[in-house]
Amino acid sequence: MREIVLNTWNRKQHFEHFKTLKDPYFAVTFPLNVTKAYTFSKENKISFFGVYLHDCMKAINSTENLRYRIVDEKVIDFETINASATIMRADKTFGFSFIDFNENLNLFLESLENEKERILNTKDLFPPKNGLDCVHASAMPWLHFSGHKEPVSGIEESVPKLAFSKVIQENEIYKMNVSINVNHALVDGYHLAMFAEAFQNNLNNK
């Protein structure tokens, strides 16, 4: 972890302004071409969700402002961000996971499978390991949405929240929409554009 020095941060005024707002959060939804990632997962008989979540997490970790969190009025760069994704059970309830990020896909998928196994064998909502060094992510493979809103607690939040839509096929192209909700005190539209570009590049690099 490293602390961002507010007095020399070029976003100091932006941070101080948006931090005072009752609702400092904004969200965007954007489309992704997941054809190569989908084909890769099917050819290798591995989880498509795991593949695109890994590509997402690589993009999150490469976008500095998406690693920032507000801790005791300070801005902290956690440097490594993990995935807290919802995992559904047979009874259609879900549990929150904590999937350790690793650049290696196989190690990431192993962590995902361990968390899936834990959730399927418990009724716990929250994972035993938790913290601000994550993003919250939900897959909704039943619905191809074009907009999305996340619930907020009413207290200050700085963990980005993502949702992934149902994949649709148009001719030979597979498409999926992604929504991301962030705190404007830490993140601007430019940073989300950089994240979206990195995410798409990761999906294409198969």
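The values are calculated or read from the model by the stated rules, or taken from the named source; none is laboratory data. Source: prediction; values computed, not measured. Backbone-built Cβ (ideal geometry, glycine too); neighbour counts: all protein chains shown. We work out accessible area using only protein heavy atoms, side chains counted, and drop any ligands, DNA or RNA first. Shrake-Rupley method; radii C 1.70, N 1.55, O 1.52, S 1.80 Å.
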Check: How many residues are touching a residue at least 60 places away in the same chain (Cβ under 8 Å) and open to solvent by 60 Å² or more (accessible area, probe 1.4 Å) when one looks only at the range 76-106?
Finding: 1
Margin query: For a quick check of your reading: which strands (runs of 3 or more DSSP E) sit entirely within the range 160-204 and have at least 1 residues that are more than 18 Å from V34 (Cα to Cα) and at pLDDT 95 or above?
Written below: 161-164, 173-183
Next item on the list: May I ask you to list pairs of residues, at least six apart or on different chains, whose Cβ atoms are under 6 Å apart, with the first in the range 1-13 being in contact (Cβ under 8 Å) with a residue 40 or more places away in the chain and the second being not small (G, A, S)?
Entry: M1/I76; M1/F78; R2/D77; E3/K74; E3/I76; I4/V75; L6/K12
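Checking the structure you have, find out if any residue of the range 133-152 is in a strand (DSSP E or B), in contact (Cβ under 8 Å) with a residue 24 or more places away in the chain and closer than 21 Å to E197 by Cβ. Lay out the reasoning, then the answer.
Just the residues of the range 133-152 that are in a strand (DSSP E or B), to begin with: 134-139.
Checking the rest, the ones that are also in contact (Cβ under 8 Å) with a residue 24 or more places away in the chain come to 134-139.
From what is left, the residues that are closer than 21 Å to E197 by Cβ are 135, 137.
There is at least one residue in the range 133-152 that is in a strand (DSSP E or B), in contact (Cβ under 8 Å) with a residue 24 or more places away in the chain and closer than 21 Å to E197 by Cβ.
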Item checked: Test: residue in the range 179-194 that is exposed (fewer than 15 other Cβ atoms within 10 Å of the Cβ) and without any contact (Cβ under 8 Å) to a residue 12 or more places away in the chain -> yes
Check: Are any residues in the range 17-29 open to solvent by 90 Å² or more (accessible area, probe 1.4 Å) and either closer than 30 Å to S165 by Cα or assigned to a helix (DSSP H, G or I) (or both), and if so, which ones?
Finding: H17, K22, D23
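If a residue must be outside any helix (DSSP H, G or I) and over 27 Å from S158 (Cβ atoms), how many such residues does the range 94-122 contain? Break it down stepwise before answering.
From the range 94-122, those outside any helix (DSSP H, G or I) are 94-104, 121-122; that's our starting set.
Filter once more, keeping what is over 27 Å from S158 (Cβ atoms): 104, 121-122.
Total satisfying the criteria: 3.
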Check: Condition test on V51, is it in contact (Cβ under 8 Å) with a residue 24 or more places away in the chain and open to solvent by less than 50 Å² (accessible area, probe 1.4 Å)?
Finding: yes
Checklist line | Which listed residue, of E73, E43, E3, is more than 18 Å from the chain's Cα centre (by Cα), exposed (fewer than 12 other Cβ atoms within 10 Å of the Cβ) and within 23 Å of N181 (Cβ to Cβ) | finding: E73
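Scan the range 114-126 and give yes if some residue there is under 16 Å from the mean Cα position of the chain (by Cα) and modelled with pLDDT of 95 or more, otherwise no.
No; the residues of the range 114-126 include none that is under 16 Å from the mean Cα position of the chain (by Cα) and modelled with pLDDT of 95 or more.
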